[in-house]
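Below: the structure, in structure tokens.
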Amino acid sequence: MASATAVVDEHVDDHGHDDHGHAETNTGISNNKLAMWLFLSSDCLLFGALISSFLLYRTNISDGTEFEGPGDVFDIPFTSLSSFILLMSSLTMVLSLSAVNRDDQRAGRIWMLCTAGLGMLFIGGQVFEFTEFAGKGLGYTTNTWTSAFYTLTGFHGVHVSVGILLLLGTVFGTRNSGLGKEKSETVELVGLYWHFVDIVWVIIFTVIYLIPIG
Amino acid sequence: MTATENHVDTHDDHDHGHPSDRSYVGIAIALAILTAVEIAMFVAEKGGFGDALVPPAWSLKIGLIALMIVKFFIVGAYFMHLKFDDSILWKLFAAGLVLAVGVYWIMLSAFEFSFWNDGYEDPGFWDGQVEFEQMVEDS
């Protein structure tokens, strides 16, 4: 029995994982991964608050301007393209993790940089959209609809920006140490955050942009 | 079988459950198709495919929400690996999700929010605004 334990101990690397990616914890899941899921779970409450606030104020546009509602300003083809870009960034992210798991460092880095690039495109689109809205006289305090809209989509944009920084930090922070299989958990955690940002946009795109008020 | 062999066998089964790159591309294509269907429904509602094909608003809302939920779970299950990871992770995530939906459903109900209302009307929670402003003036 003692020898079997010793063999298992040897099987576990310095990071507390065995060769199969399982951590030496009570749950078999690394503390970092559990913490990330706990964070994402709590982030549901943040976005829940912002989305429900928007839903409450979605009809409150009485501001004395010529603005007649979201249909006036939303550019659905453009936002659809942004949504598609973010959706595809989830694919490049998961391909990056897959490459890192295969110990293919070059592909892992390329896919991760692609993910960051697509994220930047999305943010660029959001900046363009906000600029267009501002050009039509819709500021943050124009009415409660605009306040709720900018707060919700702005918070999401901040999340995407943080994700881009995490991706670039992972790519450039591992230039010396390498982005091999031993870093797969780091890439997985960044990926989980990125996919979460994507699924939040899936909800925002449908609830805010596509569902008609009438 | 030794303890170590048993350990390896159990975890090997788990690791081999992850989709291949080809499967990930297939899943992304499925997500893109679902998004295209969502946009087509939106265009149909605006009369883009002719007046005869304009769906009722309620069916559009139900359809779009159903597609949104499907996309949400596909990304969660396959890209976030919830389908393949330990069940404690999806339980943890589901706890936050259910709590958020429950709390804000109650909040929206308290403000008499209706998902089905028409037009741009003042929200119901400002019904007492006149009395409130009168009370402020009186004080």
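The table for this structure:
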{"read-out": "Cβ pairs under 7 Å, 6+ apart, first in the range B:22-35 and at the interface with chain A (Cβ under 7 Å from one of its Cβ atoms), second open to solvent by 50 Å² or more (accessible area, probe 1.4 Å)", "value": "B:Ala32/A:Phe84; B:Thr35/A:Phe84"}
{"read-out": "Criterion violated by A:Asp104 - all others in (1) away from chain B (no Cβ under 13 Å); (2) of a type outside the set (Gly, Ala, Ser); (3) surrounded by fewer than 18 Cβ atoms within 10 Å (Cβ to Cβ); (4) free of Cβ contacts under 8 Å to residues at least 24 places away in the same chain satisfied", "value": "(1)"}
{"read-out": "Criterion: away from every other protein chain (no Cβ under 12 Å), buried (at least 19 other Cβ atoms within 10 Å of the Cβ) and at pLDDT 95 or above - qualifying residue of A:Gly119, A:Gly154, A:Gly124", "value": "A:Gly119"}
{"read-out": "Every residue from the range B:49-105 that is at the interface with another protein chain (Cβ under 7 Å from one of its Cβ atoms) and touching a Lys or Arg at 6+ places or on another chain (Cβ under 9 Å)", "value": "B:Gly76, B:Leu89"}
{"read-out": "Test: residue in the range A:134-151 that is assigned to a loop (DSSP other than H, G, I, E, B), of a type outside the set (Gly, Ala, Ser), within 27 Å of A:Ile29 (Cα to Cα) and open to solvent by less than 40 Å² (accessible area, probe 1.4 Å)", "value": "no"}
{"read-out": "Answer residue from the range A:184-211, given it is facing chain B (nearest Cβ under 7 Å) and open to solvent by less than 20 Å² (accessible area, probe 1.4 Å) and is farthest from A:Ser90 (Cα to Cα) among those", "value": "A:Ile211"}
{"read-out": "Some residue of the range B:48-62 being open to solvent by 30 Å² or more (accessible area, probe 1.4 Å), under 17 Å from the mean Cα position of the chain (by Cα), closer than 23 Å to A:Gly48 by Cα and at pLDDT 90 or above", "value": "yes"}
{"read-out": "Only one of A:Ser96, A:Ser89, A:Ser83 that is within 19 Å of the chain's Cα centre (by Cα), within 20 Å of A:Pro212 (Cβ to Cβ) and not acidic (Asp, Glu)", "value": "A:Ser83"}
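Quick grid of which residues meet (1) under 30 Å from A:Lys181 (Cβ atoms); (2) at pLDDT below 70; (3) in contact with a strand residue (DSSP E or B) (Cβ under 8 Å, 6 or more places away or on another chain):
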site: A:Asp9; (1), (2), (3): yes, yes, no
site: A:Val12; (1), (2), (3): yes, yes, yes
site: A:Ser30; (1), (2), (3): yes, no, yes
site: A:Leu40; (1), (2), (3): yes, no, no
site: A:Phe47; (1), (2), (3): no, no, no
site: A:Leu50; (1), (2), (3): no, no, no
site: A:Gly69; (1), (2), (3): no, yes, no
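The values are calculated or read from the model by the stated rules, or taken from the named source; none is laboratory data. Since the model is a prediction, treat every value here as computed from it, not as a measurement. Ideal geometry is used to build each Cβ from the backbone, glycine not excepted, and the neighbour counts take in all protein chains shown. Note: areas computed on protein heavy atoms with side chains; ligands, DNA, RNA excluded. Shrake-Rupley method; radii C 1.70, N 1.55, O 1.52, S 1.80 Å.
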